[in-house]
Amino acid sequence: MAAITLRGLTKDYPGGVRALDALDLSIADGEFFALLGPSGCGKTTLLRTVAGLENASKGTIQIGPDDVSRLPPGRRDVGMVFQDYALFPHMTVADNIAYPLRIKKVDRAARLKAAAGVAAALGLDGLLARRPAELSGGQQQRVALARAMAARPRVFLLDEPLSNLDARLRLEARTFLKKLQRELGVTTVFVTHDQAEALAMADRMAVMQDGRIRQIGTPAEVFRRPASVFVASFIGSTPMNLVPGEVRGDVLVAAGTVLPVPEEARGVLADGQEVVYGVRPEYLDFSETPLDGAFSGRVAVVENLGSASLVTLEVEGVLLHVVVGEGEEPRPGRSGWILPRPGRALVYRDGELVNGGDVTVTV
Ligand code: ATP
């Protein structure tokens with residue numbers, strides 16, 4: 001087990017594509033770390049470069065005390081699980097799991113014994129003689145994990161390992177993987193483009209854009225205080241309300257509503273400054289009677305989320321979203337007022353969070 005430290009990591013592909021741009025990142029020993037970001041932001045390249053499957057153009061990669069930047073993949077002591085699992089179709093489950101030990105020249109009896117042990121830990125005992133084609137997607141995923149575990153690497157690198165599973169199996173596999181990582185305590189970097197998955201599973205996460213890290217933090221920090229409009233619009237199952245507004249003296253006007261400037265942003269913003277006022281639908285209270293200092297408008301749509309509903313309110317031509325509890329749904333067409341809860345409103349200037357005292361940002 002080991003920490004991972006990346007310094008100034010840059011990866012240029014032929015044709016002028018800079019997939020990683022002088023990236024710095026420290027992942028603690030034993031941490032479950034998620035890399036999140038839109039397609040093409042460099043997540044897979046980051047993982048493959050740490051694994052040694054791609055050569056860095058610049059920068060260093062340290063695993064534990066060792067600088068592995070120039071080592072071949074086999075000597076970096078990492079276990080990688082790919083999106084498509086990359087199992088050998090002609091080999092049995094037992095031989096697939098034992099494969100990394102074969103590469104390490106462990107004798108057959110010892111490696112099959114080790115494979116059986118890992119397989120048992122992952123609930124694959126009865127399947128050792130089967131071939132990958134005879135397994136379900138979830139079982140194949142476990143075989144791929146077992147194979148990565150068999151050599152007892154210091155680090156796991158998982159590239160969208162849940163994306164081939166259907167929604168229900170995905171949830172099960174998510175819990176399974178998190179529990180397994182806790183038990184093994186192996187430093188794990190997990191790539192996903194699914195923000196809900198990253199929020200649910202990670203100890204900490206990084207949000208990437210264009211080969212750079214835009215924010216690092218715990219899921220709670222990133223959810224509550226996205227460091228930029230980009231992160232804010234990327235995180236959350238229901239998108240954050242992001243309303244263009246303007247500072248006017250001590251107050252802020254957005255969607256025709258006069259709002260107090262959030263405490264931490266007071267005194268920082270110039271009169272006339274254009275800003276974006278951000279508040280999550282979960283952090284607003286809805287009322288069918290007037291509330292002081294609230295956005296007021298007309299209920300346009302009510303969507304059932306299961307145990308809650310998402311209400312869309314049209315305020316001066318702007319659509320705002322608020323989550324209301326079961327039984328509190330208004331009828332479309334009615335008037336409604338929504339009020340941000342204390343301390344929950346965020347202000348962005350030039351796309352960056354202004355009232356973000358406790359946000360860790362790397363740009
Ligand atoms: P996705 O979520 O779609 O898998 P990603 O965040 O993992 O995306 P990468 O696969 O790391 O993104 O790609 C980062 C950038 O590098 C993209 O612009 C991609 O087109 C480019 N790229 C990736 N591999 C190569 C390659 N072998 N040659 C040239 N460009 C590449």
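The values are calculated or read from the model by the stated rules, or taken from the named source; none is laboratory data. All figures in this text were calculated on a predicted structure; none of them were measured in a lab. Cβ coordinates were reconstructed from backbone atoms using ideal geometry, including for glycine residues, and neighbour counts include every protein chain displayed. Keep in mind that these areas ignore ligands, DNA and RNA; they rest on the heavy atoms of the full protein, side chains included. Shrake-Rupley method; radii C 1.70, N 1.55, O 1.52, S 1.80 Å.
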(Q) Quick test of your reading of the structure: Arg212 fulfils all but one of (1) farther than 21 Å from Leu87 by Cβ; (2) open to solvent by 50 Å² or more (accessible area, probe 1.4 Å); (3) in contact with a Pro (Cβ under 9 Å, 6 or more places away or on another chain). Name the failing condition by number. (A) (3)
(Q) Looking at region 27-37 only, could you name the residues that are in contact with a His (Cβ under 9 Å, 6 or more places away or on another chain) and either within 9 Å of the ligand (Cβ to nearest atom) or open to solvent by 20 Å² or more (accessible area, probe 1.4 Å) (or both)? (A) Gly37
(Q) For region 38-59, give me the residue count where each residue is near the ligand (Cβ under 9 Å from one of its atoms) and on the phi > 0 side of the Ramachandran plot. (A) 2
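Taking the conditions exactly as written (surrounded by 21 or more Cβ atoms within 10 Å (Cβ to Cβ), under 27 Å from Leu135 (Cα atoms) and more than 16 Å from the ligand (Cβ to nearest atom)), does Arg111 satisfy them or not?
Considered against the rule, which asks whether it is surrounded by 21 or more Cβ atoms within 10 Å (Cβ to Cβ), under 27 Å from Leu135 (Cα atoms) and more than 16 Å from the ligand (Cβ to nearest atom), Arg111 comes out as yes.
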Q. Limited to region 1-26, what total is found for residues that are open to solvent by 30 Å² or more (accessible area, probe 1.4 Å) and farther than 20 Å from Asp203 by Cα?
A. 10
(Q) I need a count of the residues in region 57-91 that are in a loop (DSSP other than H, G, I, E, B), touching a Lys or Arg at 6+ places or on another chain (Cβ under 6 Å) and farther than 18 Å from Ala28 by Cβ. (A) 1
(Q) For region 308-349, which positions are of a type in the set (A, V, I, L, M, F, W, C), touching a Gly at 6+ places or on another chain (Cβ under 9 Å) and either open to solvent by less than 10 Å² (accessible area, probe 1.4 Å) or touching a residue at least 60 places away in the same chain (Cβ under 8 Å) (or both)? (A) Val311, Leu313, Val315, Val318, Leu320, Val322, Ile338, Ala345, Leu346, Val347
Q) Filtering region 176-204 down to residues that are out of contact with any Phe, Trp or Tyr (no Cβ under 9 Å at 6 or more places or on another chain) and of a type in the set (Asp, Glu), which residue is nearest to Gly30 (Cα to Cα)? A) Glu183
Q. Looking at Asp159, Asp95, which is the one that is among the acidic types (Asp, Glu), in the same structural domain as Leu180 (by TED's automatic domain parsing) and touching a helix residue (DSSP H, G or I) at 6+ places or on another chain (Cβ under 7 Å)?
A. Asp159
(Q) Could you check region 160-191 and list, in sequence order, the residues that are out of contact with any Lys or Arg (no Cβ under 8 Å at 6 or more places or on another chain) and of a type in the set (Val, Ile, Thr)? (A) Thr175, Thr188, Val189
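Residue check: is Asp67 without any contact (Cβ under 8 Å) to a residue 12 or more places away in the chain and either farther than 16 Å from Asp210 by Cβ or within 16 Å of the ligand (Cβ to nearest atom) (or both)?
Numbers: without any contact (Cβ under 8 Å) to a residue 12 or more places away in the chain: yes; either farther than 16 Å from Asp210 by Cβ or within 16 Å of the ligand (Cβ to nearest atom) (or both): yes.
Yes; evaluated as a whole, the condition is true for this residue.
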Q) Does Asp95 fit the bill of being at pLDDT below 90 and of a type in the set (Asp, Glu)? A) no
Q) If you check every pair at least six apart or on different chains, which have Cβ atoms under 7 Å apart with a residue in region 21-49 that is within 25 Å of Lys179 (Cα to Cα) first and a residue that is within 12 Å of the ligand (Cβ to nearest atom) and of a type in the set (Asp, Glu) second? A) Thr44/Asp159; Leu47/Asp159; Arg48/Glu54
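So if I check each of Asn355, Asn304, which one is surrounded by fewer than 18 Cβ atoms within 10 Å (Cβ to Cβ) and polar (S, T, N, Q)?
Numbers: Asn355 fails: surrounded by fewer than 18 Cβ atoms within 10 Å (Cβ to Cβ).
Answer to the check: Asn304.
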Q | Test: residue in region 213-232 that is acidic (Asp, Glu), touching a residue at least 12 places away in the same chain (Cβ under 8 Å) and not in a helix (DSSP H, G or I) | A | no
Q. Given the conditions (1) part of a strand (DSSP E or B); (2) touching a Pro at 6+ places or on another chain (Cβ under 9 Å), and given that Asn96 satisfies all but one, which numbered condition is not satisfied?
A. (1)
Q: State all residues of region 173-204 that are charged (D, E, K, R) and part of a helix (DSSP H, G or I); if no residue qualifies, say none.
A: Arg174, Lys178, Lys179, Arg182, Glu183, Glu197
Q: Any chance you could count how many residues in region 150-183 are modelled with pLDDT of 85 or more and closer than 18 Å to Asp84 by Cα?
A: 5
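So which residues in region 6-21 are hydrophobic (A, V, I, L, M, F, W, C), farther than 11 Å from Arg212 by Cα and within 9 Å of the ligand (Cβ to nearest atom)?
In the first step, residues of region 6-21 are kept if they are hydrophobic (A, V, I, L, M, F, W, C); the result is 6, 9, 17, 19-20.
Checking the rest, the ones that are also farther than 11 Å from Arg212 by Cα come to 6, 17.
Residue satisfying the conditions is Val17 alone.
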